[in-house]
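Notes for the one structure printed next.
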Amino acid sequence: MEQPKIPVVDTIDMEILMHRDVHFGGSFHVMIEYYQRDGVGTFPDFSIKRIKKLQHIEVQMTQNLSKLYLPDKAQEIVKESLQLYHDLRNVYSSDNKDTLTQLLSDLILSEEENPEKEMQALINQGEKALPALIHLLSSSHFYDPLYPGYGRTPIFSAKCLAAIRDERAISPLFEALNQENFFTDEEMIKALVAFGDQSKSFLLKRLKQFPLSKDNEHAAIVLNSFPEDEEIASCSLEMLEKEAALNSSLANYLVFCCSNLIKKKERERFISLSKKEGITSPLFNEMAIVIKHWKSTA
């Protein structure tokens with residue numbers, strides 16, 4: 001009998017296999033049903049057509065494709081994620097009476113698009129929930145859609161911390177931006193803005209620190225999301241006037257913050273800076289837009 005031709009399995013296919021093994025018990029059937037009803041853990045890069053194709057290949061070959069194609073490192077990730085699922089579900093055992101641990105598991109394992117009930121239960125715990133919620137922000141596993149929570153848990157944790165409003169959460173929320181995860185960054189920024197003046201003070205210190213690092217950029221990005229603020233604009237101008245900042249990628253973010261300058265002398269300093277020799281064309285254009293806006297609203 002002729003053996004089936006060995007198919008080509010690419011990187012996306014291997015991710016589909018890992019996704020199947022972690023979240024759907026290794027079953028293509030369960031995975032396809034979940035994707036057909038557009039569950040919260042669906043991954044946009046995985047088409048139902050391709051999942052069905054892999055299912056067909058596996059039936060033809062009569063072998064588990066994961067065992068054939070997943071490298072050792074990938075299989076370790078699957079094993080680690082499955083263990084985390086086991087640990088999270090195990091907290092519901094009759095011997096476990098830790099309410100907070102159960103509430104955290106409720107949040108991570110929720111299949112709701114917006115688990116308001118689970119978040120509110122943790123918010124009601126107040127500062128008692130703080131260390132655990134911060135841990136969810138600092139654990140890289142929970143940003144990864146291959147682990148329990150589908151990469152959504154840091155978003156929910158940030159919302160809870162913003163509601164609890166304990167200033168000890170400000171630094172961890174800021175550090176979470178180092179994950180550079182587009183999917184979660186927006187919620188970290190919203191949470192930091194929710195702390196108001198407490199957060200602003202922290203961010204301005206990070207904005208002005210030297211040597212320059214990603215922290216300066218992250219601080220500027222968050223500060224740009226605050227309501228119009230003269231202090232933020234003034235500090236941004238002071239930074240922009242420093243040679244190291246003007247010649248770095250930070251300058252673009254500082255220019256946006258400077259759009260809220262109110263004082264005539266500060267605006268004049270900004271205009272003078274835009275004429276400085278050696279300034280890049282893209283930065284000059286951005287500064288020109290700010291200046292034009294001032295003139296149109298004068």
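Quick notes on this structure:
- Any hit, the range 231-247, residues being crowded, with 18+ Cβ neighbours inside 10 Å and either in the same structural domain as E180 (by TED's automatic domain parsing) or among the β-branched types (V, I, T) (or both): yes
- Annotation note: of S201, S213, S234, the sole residue that is within 28 Å of D144 (Cα to Cα) and modelled with pLDDT of 95 or more is S213.
- Where helices (runs of 4 or more DSSP H) fall wholly inside the range 1-110, the ranges with 3 or more residues that are basic (K, R) are 48-61, 72-90.
- Comparison of M287, M188, M239 shows that the only residue that is in contact (Cβ under 8 Å) with a residue 24 or more places away in the chain and over 30 Å from A169 (Cβ atoms) is M287.
- Residue selected from the range 151-178 under the condition surrounded by fewer than 20 Cβ atoms within 10 Å (Cβ to Cβ) and polar (S, T, N, Q), by the criterion farthest from A194 (Cα to Cα): N178
- Residue satisfying all of: in the range 84-109; under 21 Å from the mean Cα position of the chain (by Cα), assigned by TED's automatic domain parsing to the domain that holds I164 and touching a residue at least 24 places away in the same chain (Cβ under 8 Å); farthest from H23 (Cα to Cα) among these: L104
- For the range 130-157, the set of residues classified as out of contact with any Leu (no Cβ under 6 Å at 6 or more places or on another chain), small (G, A, S) and in a helix (DSSP H, G or I) consists of S138, S140, listed by residue number.
The values are calculated or read from the model by the stated rules, or taken from the named source; none is laboratory data. Source: prediction; values computed, not measured. We place every Cβ from the backbone using ideal geometry, glycine too, and count neighbours over all the protein chains shown.
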